[in-house]
Every structure is written in C-alpha cells, then in structure tokens.
Amino acid sequence: MRIGELSRRTGVHERLLRYYEEQALLHPERRPSGYREYSDGDIDTVRRIRSLLAAGLTTSTIATILPCLRDDGDRLIPTCPDLLADLHRERERITQSISDLQTSLGALDEVIAAAPPDVRRRAGSDS
C-alpha cells in the first residue's frame with residue numbers, strides 16, 4: 001500500500017509517517033518509481049509506535065525496542081530479555097520527571113500563595 005493508504009488506515013498524517021521512516025521506525029520498500037510501498041504489518045508497527053510515544057518514550061528508544069515487542073490483543077508484550085531492563089530505566093526516567101514537575105509545581109504554588117490580597121484581587125483571582 002502507498003503512504004496515503006497507510007495514513008488513512010492508521011489515522012497518522014503522511015508527514016509523521018515519513019518522520020517515522022527517518023527515525024528508522026518504519027522500513028517501507030521502495031518501488032523503482034521512488035514511491036514507498038508499505039505492508040499490512042506496517043499498520044501494526046505504526047500502532048505500536050503510537051502506543052510507545054503515548055507512554056513517553058523517545059523515537060530513538062522506540063527504534064531500539066520495537067523489534068523486541070509483539071502485539072497480544074490490546075497490549076504490547078516484550079520478547080527480548082534485555083528489553084525489560086530498558087523499560088525499567090525508561091519508567092524510572094519518567095518517574096523522575098514527574099517528581100521534578102511536582103517540585104516545580106509546589107514552588108510555583110508557594111509564589112502564588114505569597115501574593116498580597118490586593119495583588120490577587122487586581123489579578124481577578126481570590127485564591
């Protein structure tokens with residue numbers, strides 16, 4: 001199938017599919033005319049990519065782990081022993097990012113709370 005069909009079947013814009021190819025996440029065949037030719041399996045690959053991006057993984061990490069995942073209905077199953085260690089590292093990175101954001105949020109709340117009542121009133125917020 002051509003890129004337009006893959007885009008239609010996955011709901012992913014053609015420009016994004018080309019980006020996935022640039023990031024070595026998709027590997028379409030090339031026709032002599034230069035057109036990309038995708039297989040039905042690429043539909044599943046795009047869905048895996050979207051799931052992993054939604055989980056907060058970078059495209060470079062996805063390129064590394066994608067070959068070690070398979071679909072089992074609605075979930076992804078790791079198939080390589082080393083993959084679990086990579087996934088645990090990514091989970092820890094995300095957990096640390098959440099913690100850092102919570103610290104930032106707390107600091108911002110303190111600054112907001114320190115505003116004098118007249119400043120809050122002029123800002124239109126009495127909280």
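Each value in this text was obtained by applying a stated rule to the coordinates, not by laboratory testing. Nothing here was measured: the structure is a model prediction, and the numbers come from that model.
Against the longest principal axis of the chain, how steep is helix 81-113, in degrees 0 to 90 to the nearest 10, with axes from Cα atoms? Computed tilt is about 30 degrees.
Take the Cα gyration tensor of segment 1-79, multiply each eigenvalue by 5, square-root it, and list the three semi-axes largest first, rounded to whole angstrom. Write out the running numbers ahead of the final one.
Working: eigenvalues 91, 34, 28 Å².
Its equivalent ellipsoid spans semi-axes of 21, 13, 12 Å.
Computed per residue of the chain from DSSP H runs no shorter than four, each worth -39500 (n - 2.57), the mean residue ellipticity at 222 nm is -19500 deg cm²/dmol.
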